[in-house]
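The values are calculated or read from the model by the stated rules, or taken from the named source; none is laboratory data. Remember, it's a predicted structure, so these values are computed and weren't measured experimentally. Here Cβ is always computed from backbone atoms with ideal geometry, including for glycine, and neighbour counts include all displayed protein chains.
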Amino acid sequence: MQGKGGPVLTTKEAAALLGVSPRRVNNLIEVGALKAQKFGRAWMVDEASVRERVQAKPQRGRPRADAGVETARYTLMCHDHEVLAFTYHGRTGSVAAVEPLDGIAWKPFGVGRRDREPNRYDMAEWLRDRAIPGLRPHLPSALRDLAVRTPAVLMFQSWGLSLSDPYWFRPEGVEVSWAAVNYYDNGYDEDFGDLMLTGLSPRNAGEPAFADGRPASGAKGAPAITRSPDTATNGMLSKTWVRRRGTDYLIKGGTGNENREPYNEKLATRLLERLLDPNEFVPYTVTERHGRAYSSCANMAGPDTELIPAQDVLTAFGITEGRDLHTGYLRALEELGVEDGRRLIDKMIVADYLMANFDRHTHNFGLLRSVEGLDGYRIAPLFDHGCGFYSRATTAELEARPYVWESHPFREYPSQQLALVEDLGWYDPSALDGFLDDIAEVLGENPEIDERFIAAVQKQTERQIQTVNDLAAERGVVVAGW
C-alpha cells in the first residue's frame, strides 16, 4: 500500500518483518522508533523505517529513556525570569508539581489560559508541542545514535532552548544564566541537524560544544547537554537550523522523490512579493545540501522577540475546536492591541487561496511580541507555504476538473474561507500579471516535475486568480486585464 511518504505496511506485516508482536510495533510507533500514519483507526507503518530498523538490529527490549531525564525537577525560564517550577517524568512524558514563581507573568502564551495559573496538564501539552514530532523523517535513527528513547528526552537534553522564543528549562541545582546558554550569543551544534535533515550521522555525537569550544557541561553543576535548536523545533518535514555570517536560517526539506515543497516555498515568495508589503511575509530561497534541494529562510525571531503560534493565542483565550476560530482569533487580536489584525488575516486568506495552501494550521501563523516588555504584539510575517501549489496532487487530478483542496485554519472549504475576507481594498489584480510565467520558471527548476504538471498548475492557479478578481470586483475593486 502507498502512503503519503512512500510504501506502508500494516502493524501485522511490520511485526513479521521485525520478528516481534503487533503490540510491540504499536509501542515502537508511540515512542517514535517507527514512522507511521493513521488510516481511520489503524496505524500504517512506513516500510522504509521498518527495514531501516531491521538492518540496524537494535537490542531487544523496550527503547530506553536516558537516565538523566527519567524524573527531574526544572525551572521554566524566560531569559533570567523564573516562571514556574515543575517535575518532568521522562518515561511517561507527564508533568507534576507545577509551582508558579515570581516570574509567572513571563509564562509562555501556550501554557494554559491567560486568566488562571497553569497546571500540570497545561505544561505537559505545551511540552509535547515543543518537541520534535514522532513522524519526523530520520528521527528513529537519531534516537538510536544518541541512545535516547523519545524526542522529548532530546529536548530536555538541550534544556528546551529554541531559536523561536526565550524559554528554557534550568535543571534543579544548576547555576547558569540565559547569557551563558542561549543560542543567539553562544552558537549551537549543527551535527545533530545534519542527521535530522539528511539521515547522515553526526561527526560528534558524544558531547557537542559551544561555538567558542567550551564544553556543554561548563555550567556549574550542569550535566552535558545536546546543543541543538532542532530538538525544540516542531513540524513534520525534515529541517535544521544553521548559522551563516551571523544570521540563523531554517533549512527545510520536501517529501518523496519529487521534493516539491522547497520549490513551492520559492514560488510562494514570488506571489507574495507581488501582493504584500515586504515586512508581511518571510522570503524563501532554494538551496542545495548533499545533492538535494531544500528551502531556506532567515529567522524572524530574536533574543528579544518571540514568535507566538496562533494555537498558543487560541489556548490562552480559551478558544477551542467547535467554536468559530476566525471570530475568536480576531477578538483576541483586538484585545491584545494588534494593529491592522483583520486586514492582515484577510491578506493571509487570499494568499492561501491563490496558492491552494492546505497546511495553514494554527502553528503555521501567529504573532510576534517583545519579550521583556510583554508588549508590542503584531502579526508575524507569513511563513511556511510548502504545501501550496498542489503539492499532494497528481497531474491527472489537476487535469480532470477544478481541484478542491481542504483549507485551514478557519473553514474546511476554500470558497467558504475566502468568503470571510472583508477588506480587498489592498488587492491589486494587475500585480499578478505574469505570475503564470513565474510558475513555469520556478517549478521548471525542479528536475522531477514535468511540463504537463506545470501546465496543470498554471491552469488551476488561473482559475483561483479569476475567482479572487471576481470577488474583488463585487467589493468595488477595479479589475482590468483579466
Exercise. Is segment 439-448 home to any residue that is modelled with pLDDT of 95 or more and over 20 Å from R292 (Cα atoms)?
Worked result: yes
Exercise. Would segment 191-210 turn up any residue that is modelled with pLDDT under 85, out of contact with any helix residue (DSSP H, G or I) (no Cβ under 8 Å at 6 or more places or on another chain), part of a loop (DSSP other than H, G, I, E, B) and crowded, with 20+ Cβ neighbours inside 10 Å?
Worked result: no
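For a quick check of your reading: which strands (runs of 3 or more DSSP E) sit entirely within segment 231-330 and have at least 2 residues that are among the aliphatic types (A, V, I, L, M)?
Numbers: elements: 239-244, 247-252, 285-289, 292-298, 305-309.
Of the strands (runs of 3 or more DSSP E) lying wholly inside segment 231-330, those with at least 2 residues that are among the aliphatic types (A, V, I, L, M) span 247-252, 292-298, 305-309.
Give me a count of the residues in segment 438-454 that are surrounded by fewer than 17 Cβ atoms within 10 Å (Cβ to Cβ) and either not charged (D, E, K, R) or not in a helix (DSSP H, G or I) (or both). Outline the logic, then answer.
Of segment 438-454, the ones surrounded by fewer than 17 Cβ atoms within 10 Å (Cβ to Cβ) are 440-441, 444-445, 447-448, 450-452.
Subset that is either not charged (D, E, K, R) or not in a helix (DSSP H, G or I) (or both): 440, 444-445, 447-448, 450.
Number satisfying all stated conditions: 6.
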Problem set entry | Sole exception among (1) within 19 Å of D129 (Cβ to Cβ); (2) among the hydroxyl-bearing types (S, T, Y); (3) over 21 Å from the mean Cα position of the chain (by Cα) for T327, by number | (1)
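Report, by residue number, each residue of segment 288-299 that is in contact (Cβ under 8 Å) with a residue 12 or more places away in the chain and exposed (fewer than 15 other Cβ atoms within 10 Å of the Cβ).
Taking segment 288-299 as the starting set, the residues that turn out to be in contact (Cβ under 8 Å) with a residue 12 or more places away in the chain are 289-290, 292-299.
Listed by number, the residues that qualify are H290, R292, A298.
Kindly establish whether E334 is in a helix (DSSP H, G or I), modelled with pLDDT of 95 or more and of a type in the set (D, E). Spell out the reasoning first.
Values: in a helix (DSSP H, G or I): yes; modelled with pLDDT of 95 or more: yes; of a type in the set (D, E): yes.
So E334 passes the test.
Matching residues to (1) out of contact with any Phe, Trp or Tyr (no Cβ under 6 Å at 6 or more places or on another chain); (2) of a type in the set (K, R); (3) modelled with pLDDT of 80 or more:
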{"position": "L28", "(1), (2), (3)": "yes, no, no"}
{"position": "A33", "(1), (2), (3)": "yes, no, no"}
{"position": "A36", "(1), (2), (3)": "no, no, yes"}
{"position": "F39", "(1), (2), (3)": "yes, no, no"}
{"position": "M44", "(1), (2), (3)": "yes, no, yes"}
{"position": "R51", "(1), (2), (3)": "yes, yes, yes"}
{"position": "K57", "(1), (2), (3)": "yes, yes, no"}
{"position": "R60", "(1), (2), (3)": "yes, yes, no"}
{"position": "P63", "(1), (2), (3)": "yes, no, no"}
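Before we move on, is D352 outside any loop (DSSP other than H, G, I, E, B) and closer than 26 Å to N259 by Cβ?
Details: outside any loop (DSSP other than H, G, I, E, B): yes; closer than 26 Å to N259 by Cβ: yes.
Here the answer is yes, as D352 does meet what is asked.
Look at V350 and say whether it is aliphatic (A, V, I, L, M) and more than 18 Å from F410 (Cβ to Cβ).
Here the answer is no, as V350 does not meet what is asked.
Which one is surrounded by the most Cβ atoms within 10 Å (Cβ to Cβ) among residues in segment 355-373 that are among the aliphatic types (A, V, I, L, M) and part of a loop (DSSP other than H, G, I, E, B)?
Start the filter on segment 355-373 by keeping residues that are among the aliphatic types (A, V, I, L, M), which leaves 355-356, 367-368, 371.
Still in the list and also part of a loop (DSSP other than H, G, I, E, B): 355-356, 371.
Values: M355: 22, A356: 24, V371: 20.
For segment 355-373, the residue satisfying everything is A356.
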